[in-house]
Amino acid sequence: MKKDAFYYGSLIAFAAFILMIVIFIYEAWKTSRSDSKNQGIPVDQTQKGKSGFQDFSRYKTIPTEDGSEMVLIPEGPFQMGSPASGGDLDEMPQHPVYLPAFYIDQKEVTQAQFSKFSVATQYPKPVVPVFQEDLSLITKPELPVVGVSWNTAQDYCQWAEKRLPTEAEWEKAAGGDQSFRWPWGNDFVEKAANLAGEEDGYKFLAPPGRFESGRSPYGLYDMAGNVAEWVADWYDADYYKNAPFKVPKGPEKGKFRVYRGGSWDDSSVNARVAKRFMAAPHQTSAVIGFRCAKGVPPGG
């Protein structure tokens, strides 16, 4: 009897061991199969929500008194500018930049928002110097404000208890820490932004937030096209050659200010995240608007 008990006990133990090995191999096979399905898929494509677009709910947003929603851009490094084979000379060299966390408007400032500022402060209304069509086509309340100088954009942001984003902040918010070529990725996507032509559905301006597939890695709208956007920095074509690693703020002085992002009148090349434009601080245009940013207060 003792020999039989020992025999059957050993048999059961051996069978259990074999079963455990089989289960282990099966689980490893499932994991390998799942990983192979996701190989080659960009990170932002693995986070899609029910709508089929990326789920941005993991990024903190806050409402502000001027009617904007601001997105928290996390602290950390990214590669600013373009590699030697992929951009203009003033976008080089591509270099690492570290930024603390900051908030930036999810959408461009609209005509309606600017009108509230104008009424509250008796500030002059924007002036568009050159536009061949009926001005009402680009000055509707729901459209992004244009015809604003750098000085005016700065005044609005200060009134709203914000500021213009630095050039580095704008670029990180547009391209993410992956340093995408366009806000949505490294390959151009037709109809992901409001650019020159009517193929995207708009001849001129579009209400901010219409291009869901063109959102940046942090969920910002219209970082390519619609209106180009003023940023805080003075322009210097050689600034990147000696730019600091931590919190670059641009040259201390200059003749021109930087604006970014391309507009409804630009090509896809000019809508690249790293593309830099310059204009005099007093200049106004039918293609330049802005959005605001602000630092993160202690504890929040």
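We did not get these values from a lab; they are worked out from the coordinates using the rules stated. Just so it is clear, the model here is predicted, and its values are computed rather than measured. No Cβ is skipped: glycine too gets one built from the backbone with ideal geometry, and neighbour counts run over all protein chains shown.
Observations, loosely collected:
- Each residue of the range 174-183 was assigned a 3J(HN,Hα) from its phi angle through the Karplus expression (A = 6.51, B = -1.76, C = 1.60, θ = phi - 60°), giving 7, x, x, 6, 7, 6, 4, 6, 10, x Hz with x at Gly and Pro.
- Taking GluC sites (Glu not before Pro) across the range 200-259, the ones in a DSSP loop with at most 12 further Cβ atoms lying within 10 angstrom of their Cβ are Glu252.
- Ellipsoid semi-axes in whole angstrom, largest first, where each is sqrt(5λ) of the Cα gyration tensor of the range 202-300: 24, 19, 13
- Residue exposure proxy: Ser213, Ser118, Ser263, ordered by other Cβ atoms within 10 angstrom of their Cβ from fewest to most, comes out as Ser213, Ser118, Ser263.
- Share of Cα-Cα pairs in the range 46-295 lying beyond 32 Å, as whole percent: 14
- DSSP-loop trypsin sites (Lys or Arg not before Pro) across the range 203-300, with at most 11 other Cβ within 10 angstrom: Lys253, Lys255
- Local net charge near Lys107, Cβ-Cβ under 12 Å (Lys/Arg +1, Asp/Glu -1): -4
- Between the range 66-144 and the range 210-230, the alpha-carbon center distance in angstrom: 10
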